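Undergrad: My structure is below; once you've seen it, I'll send some questions.
The values are calculated or read from the model by the stated rules, or taken from the named source; none is laboratory data. These numbers were taken from a predicted model, which means no experiment stands behind them. Every residue, glycine as well, gets a Cβ built from its backbone with ideal geometry; the counts of neighbours run over all protein chains shown. These area figures cover heavy atoms from the full protein model, side chains too; ligands, DNA and RNA do not enter into them. Shrake-Rupley method; radii C 1.70, N 1.55, O 1.52, S 1.80 Å.
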Amino acid sequence: MLKNINSLIFLFFLMMPLMVFSQKKNDPSYKNPRLTVDERVGNLLSQMTIEEKVAQLSCIWQQKKEMILNDKGFFDPIKTSKSLPFGIGQIARPGEGLNPTNLQNRSPRQMAEFTNSIQKHFIENTRLGIPVIFHAECLHGHAAKNGTSFPQPIGMASSWDIDLIEKVFSTTAEEARSRGIHQALAPVVDVARDPRWGRFEETFGEDPYLVSKMGVAAIKGFQGEGVEQIDKKHIISTLKHFVGHGHPEGGNNTAPAHISERELREVFLPPFKAGVKEAGAISVMASYNEIDGIPTHVNSFLLKEILRNEWNFKGLVVSDYSGISDLHKLHFVVKDSVEAAKRSIYSGIDIELPDPQSFPSLLNIFRNGELPLEILDSAVYHVLRSKFVMGLFDDPYVNPDYTERVVGSDKNGKLALEAAQKSIVLLKNQNNILPISATDYNTISVIGPNADKVLLGGNSDAPPYFITLKQGIENRIGNLVQVVYSEGCRITKPGNWYLDPVELPKKEEDQKLMDHALMIASRSDLIIMAIGGNELTSREAWAEDHLGDRTSLDLIGRQEELFMELVQMGKKVIVVLNNGRPLNIRKIKDHAHAILECWYLGQESGNAIADVIFGNVNPSGKLPCTFPVSSGSLPAFYNHKPSARRGYLFDDTTPLYPFGFGLSFTSYRYGDPVLSSSTIRLGESVILSFDLTNNGAKKGDEIVQLYIRDQISLVTRPVLELKSFQIIPLKPGQLREVSFEITPEMLSFYDLDMNFTLEPGQFDVFVGPSSVELKKVILTVVN
């Protein structure tokens, strides 16, 4: 008996450390909302096993069927418990059905219920109850069934309207959050300098200052006021693609970006820095490309030295989709997925998207001591922190009734219309043919491959509705004028931007369409022609069998031929452009009576264009990018270095339309700019002011642009740099004084030693309606 008692006492003392350890392992303090986010994260992290930690660094997307769904596409908790016993960091695109390729995606209510069921499982059936983050594409609205569709970012950038951008992405966030989404893979703040690149439409254009302002507004829209806590109407924003992705070699997606550190800091990093420092972005996505031979997913200089150390970024760094696998399949900087996982997490990647391809090997890497556990804990810390910031440990579920009220609502549709109207740029208006008075015409022909097509651009799903140009015109004047339609020709064979190959139409098929168009045009008084590109001709080239970049900017197919035949009839032709990139429209510019650049305008496209054509809206958009005359004249961005545009034999490479250009139905007069002081000392600011007058008969909004050039500097500087802008509303005949503050930062640059500094000297300061129509004053800065 005594022997047994002694044995029990010995066993008790033997178990005491384990009992203490076990007690520590079940400390629920992380569930206490009164603690700070960092206290809760630290408490939870201290209790996690290595298996649980590695699980938080993974995501599932295309493996959902194998891991968490039954044969009918419903959530399967038994399968999930077997597949993911330790939990999961993120789940991608929960709005997609069992087979995303058939586009049978979940309705708003179905998606809300689906995310709730998954969330409930992981909270109630894993040891620590760590919730899941669901992420989705939100480039121009939540890319899910019935989500409100806004203009593509290149269109929204044409509005130059910061308040509008914030409203659009706040609305997008509310729709997405109501369905269970917590993280948007947006905004894209790549500075796009090559229009051959198929992802051009995803960007806010070619200028780092404009892109920065649009990006900051988008982040504030997505995240609201929260940095430490995001409310139930907002979500995490993800700055992408860090960095240089918008300047690939030859305009080829994922190609190397040949960028020096100086150019990186002056042009490509500023939008990301503004997103982190000014807007508090919570997540950053690494880019596919390499810079100076180092792919971003293993570029510790970018991910650690600049992002973490210089900018003090505390958020989550996610891989781009399969970007880690690309390290051994595309870049060949590692031999296999194990080495890819090791180098990428060491370099600063926190979580692998979209499926567990490389990071599962982290389990053995850290078990074997191949990397310090501190690296694993750092990555897990960032993942967990994002979940606490989202409030998922306190309020993890969504209300499907609220989802149905919010998603695709009439209110959101009105905002989509406003955004579409403000994204339109008037490029030409010969003899003020626009706006059209419907009563001046008996028959109007609506002709062209884009006249009656759904055109949303990439990263889109099925919005609640889409108004084509033909429908928009009929909505506005159908009861006043006979409207006739012909497709005219095709750009490509029909297809889905995400799924299908790009095939050109047969010439004989196009000829029949052209003959019909010419026939109805001959009987019409006015022709409205819709041409440009489509989602198949400008898209992400993610594989050799899914291309989207081009060597030419010319109009595809027989569009230009059809246009010239219509012009030769002697009819007035108004051209509506829908496209994802700047196009070579030299003949259109020369012969059309009016041109509207409309990009992809979202679900209200046709109504917005008709509102401009018939004068319900005065266009105010300005181009966020240069329109080159041909691909042979690239690069064509406006803010080039002084030695960069000497010219070529036998051709004029002057852009068709410059950055910042856009006409109005009224006219504005710019007075001479005046400085509050023509000379200032280092560290001082100065005020520039001038009078702006609406000389026309219509009210309008003028986007006033401020540019600066450093006359002499130790390091070469661009010939012109956008430094500020304002949208000025004016009634007919109204005069208003416009003022800009010119700060030392606006005059500074990176010197020989890569220090951001201001040199004494003279600066040309310009104001005007575009980058080429400018009035100048000289500012002198002295010691």
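Undergrad: Take Arg405 and tell me if it is touching a His at 6+ places or on another chain (Cβ under 9 Å) and assigned to a helix (DSSP H, G or I).
TA: Judged against the criteria, Arg405 is not a match.
Undergrad: As an exercise: evaluate Phe332 against (1) closer than 21 Å to Gln90 by Cβ; (2) aromatic (Phe, Trp, Tyr); (3) without any contact (Cβ under 8 Å) to a residue 12 or more places away in the chain and give the number of the one condition it does not meet.
TA: Only one criterion in (1) closer than 21 Å to Gln90 by Cβ; (2) aromatic (Phe, Trp, Tyr); (3) without any contact (Cβ under 8 Å) to a residue 12 or more places away in the chain is unmet by Phe332, namely (1).
Undergrad: Oh, and also: Of all residues being closer than 19 Å to Val629 by Cα and charged (D, E, K, R) in region 533-557, which is most open to solvent (accessible area, probe 1.4 Å)? Just the residue, please.
TA: My answer is Asp554.
Undergrad: If Asp611 satisfies every condition in (1) surrounded by 20 or more Cβ atoms within 10 Å (Cβ to Cβ); (2) among the charged types (D, E, K, R); (3) closer than 22 Å to Glu487 by Cβ but one, which is the exception?
TA: Only one criterion is unmet by Asp611, namely (3).
Undergrad: Working only within region 609-645, note down all residues that are hydroxyl-bearing (Ser, Thr, Tyr) and within 24 Å of Asn432 (Cβ to Cβ).
TA: Ser620
Residues checked against (1) within 12 Å of the chain's Cα centre (by Cα); (2) surrounded by fewer than 24 Cβ atoms within 10 Å (Cβ to Cβ); (3) assigned to a helix (DSSP H, G or I):
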{"site": "Trp160", "(1), (2), (3)": "no, no, no"}
{"site": "Thr172", "(1), (2), (3)": "no, no, yes"}
{"site": "Ala176", "(1), (2), (3)": "no, no, yes"}
{"site": "Ala192", "(1), (2), (3)": "yes, no, no"}
{"site": "Trp197", "(1), (2), (3)": "no, no, no"}
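The rows are residues; the columns are (1) under 17 Å from Arg177 (Cα atoms); (2) surrounded by fewer than 21 Cβ atoms within 10 Å (Cβ to Cβ).
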{"site": "Asp394", "(1), (2)": "yes, yes"}
{"site": "Asp401", "(1), (2)": "yes, yes"}
{"site": "Gly413", "(1), (2)": "no, yes"}
{"site": "Ala420", "(1), (2)": "no, no"}
{"site": "Ile424", "(1), (2)": "no, no"}
{"site": "Asn429", "(1), (2)": "no, yes"}
{"site": "Ile433", "(1), (2)": "no, yes"}
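Undergrad: Please go through region 435-451 and pick out each residue that is surrounded by fewer than 19 Cβ atoms within 10 Å (Cβ to Cβ) and out of contact with any strand residue (DSSP E or B) (no Cβ under 7 Å at 6 or more places or on another chain).
TA: Answer for region 435-451, where residues must be surrounded by fewer than 19 Cβ atoms within 10 Å (Cβ to Cβ) and out of contact with any strand residue (DSSP E or B) (no Cβ under 7 Å at 6 or more places or on another chain): Ser437, Thr439, Asp440.
Undergrad: Here's a follow-up. Regarding region 270-281, can at least one residue be identified that is touching a His at 6+ places or on another chain (Cβ under 7 Å) and either part of a helix (DSSP H, G or I) or of a type in the set (S, T, N, Q) (or both)?
TA: No: zero hits.
Undergrad: Right, next: If a residue must be closer than 15 Å to Gln223 by Cα and assigned to a loop (DSSP other than H, G, I, E, B), how many such residues does region 138-150 contain?
TA: Residues meeting the conditions: 2.
Undergrad: Are there strands (runs of 3 or more DSSP E) fully within region 675-783 with at least 3 residues that are touching a strand residue (DSSP E or B) at 6+ places or on another chain (Cβ under 9 Å) and open to solvent by 30 Å² or more (accessible area, probe 1.4 Å)? List them.
TA: Fully inside region 675-783 and qualifying: 721-730, 735-742, 775-782.
Undergrad: Kindly list the number of the only condition in (1) touching a Leu at 6+ places or on another chain (Cβ under 8 Å); (2) more than 22 Å from Pro435 (Cβ to Cβ) that fails for Pro655.
TA: (1)
Undergrad: So, of the residues in region 567-608 that are over 26 Å from the mean Cα position of the chain (by Cα), closer than 21 Å to Ala438 by Cβ and β-branched (Val, Ile, Thr), which turns out to be surrounded by the most Cβ atoms within 10 Å (Cβ to Cβ)?
TA: Selected residue: Val575.
Undergrad: Follow-up. Look through Phe665, Phe659 and report the one residue that is over 21 Å from Asp194 (Cβ atoms), part of a loop (DSSP other than H, G, I, E, B), within 31 Å of the chain's Cα centre (by Cα) and aromatic (Phe, Trp, Tyr).
TA: Result: Phe665 is the single residue among Phe665, Phe659 that is over 21 Å from Asp194 (Cβ atoms), part of a loop (DSSP other than H, G, I, E, B), within 31 Å of the chain's Cα centre (by Cα) and aromatic (Phe, Trp, Tyr).
Undergrad: With the condition kept exactly as written, say whether any residue in region 232-253 is out of contact with any helix residue (DSSP H, G or I) (no Cβ under 8 Å at 6 or more places or on another chain), hydroxyl-bearing (Ser, Thr, Tyr) and open to solvent by less than 10 Å² (accessible area, probe 1.4 Å).
TA: Scanning region 232-253 turns up at least one residue that is out of contact with any helix residue (DSSP H, G or I) (no Cβ under 8 Å at 6 or more places or on another chain), hydroxyl-bearing (Ser, Thr, Tyr) and open to solvent by less than 10 Å² (accessible area, probe 1.4 Å).
Undergrad: If you check Leu353, Leu371, which single one turns out to be open to solvent by less than 30 Å² (accessible area, probe 1.4 Å), in contact with a strand residue (DSSP E or B) (Cβ under 9 Å, 6 or more places away or on another chain) and part of a loop (DSSP other than H, G, I, E, B)?
TA: None of the others qualify; the one that does is Leu353.
Undergrad: Considering only region 408-439, how many residues are assigned to a helix (DSSP H, G or I) and touching a residue at least 40 places away in the same chain (Cβ under 8 Å)?
TA: Selection size over region 408-439: 15.
Undergrad: Which of the numbered conditions does Val454 fail, given that it passes all the others? Conditions: (1) over 15 Å from Glu535 (Cα atoms); (2) open to solvent by 70 Å² or more (accessible area, probe 1.4 Å); (3) in a loop (DSSP other than H, G, I, E, B).
TA: That leaves (1) as the condition not met.
Undergrad: If only one of Gln229, Gln183 is over 15 Å from the mean Cα position of the chain (by Cα) and of a type in the set (S, T, N, Q), which one is it?
TA: Result of the check over Gln229, Gln183: Gln229.
Undergrad: Quick test for you: out of Asn399, Asn429, pick the one residue that is more than 16 Å from Leu577 (Cβ to Cβ), polar (S, T, N, Q) and over 24 Å from the mean Cα position of the chain (by Cα).
TA: Criteria check complete, one pass: Asn399.
Undergrad: Now, a different point. Go through (1) open to solvent by less than 60 Å² (accessible area, probe 1.4 Å); (2) within 36 Å of the chain's Cα centre (by Cα); (3) at pLDDT below 95; (4) more than 30 Å from Ile324 (Cα to Cα) and name the single condition Asp27 misses.
TA: (2)
Undergrad: Within region 199-223, track down each residue that is surrounded by fewer than 24 Cβ atoms within 10 Å (Cβ to Cβ) and among the charged types (D, E, K, R).
TA: Lys213, Lys220 - these are the residues of region 199-223 that are surrounded by fewer than 24 Cβ atoms within 10 Å (Cβ to Cβ) and among the charged types (D, E, K, R).
Undergrad: For region 282-301, how many residues are under 23 Å from Leu384 (Cα atoms), touching a strand residue (DSSP E or B) at 6+ places or on another chain (Cβ under 8 Å) and part of a helix (DSSP H, G or I)?
TA: Residues meeting the conditions: 1.
Undergrad: When both residues are 6+ apart or on different chains and their Cβ atoms are under 8 Å apart, which pairs have a first residue that lies in region 27-50 and is closer than 18 Å to Asp395 by Cα and touching a residue at least 12 places away in the same chain (Cβ under 8 Å), and a second that is among the polar types (S, T, N, Q) and open to solvent by 60 Å² or more (accessible area, probe 1.4 Å)?
TA: Sorted first by the residue in region 27-50, then by its partner, the pairs are Val37/Gln229.
Undergrad: Does region 489-497 contain at least one residue that is within 30 Å of Val407 (Cβ to Cβ), out of contact with any helix residue (DSSP H, G or I) (no Cβ under 6 Å at 6 or more places or on another chain), of a type outside the set (Ser, Thr, Tyr) and open to solvent by 60 Å² or more (accessible area, probe 1.4 Å)?
TA: yes
Undergrad: Looking at region 710-725, I want the residues that are more than 18 Å from Arg262 (Cα to Cα) and have a partner that is among the basic types (Lys, Arg) and open to solvent by 30 Å² or more (accessible area, probe 1.4 Å) with Cβ atoms under 9 Å, at least 6 apart or on another chain. Which pairs are those?
TA: Close Cβ pairs (under 9 Å, with a partner that is among the basic types (Lys, Arg) and open to solvent by 30 Å² or more (accessible area, probe 1.4 Å)) amount to Phe725/Lys213.
Undergrad: Restricting attention to region 281-334, and to residues there that are farther than 22 Å from Gly215 by Cβ and hydroxyl-bearing (Ser, Thr, Tyr), which single residue is most open to solvent (accessible area, probe 1.4 Å)?
TA: Looking at the filtered set, the residue picked out is Ser300.
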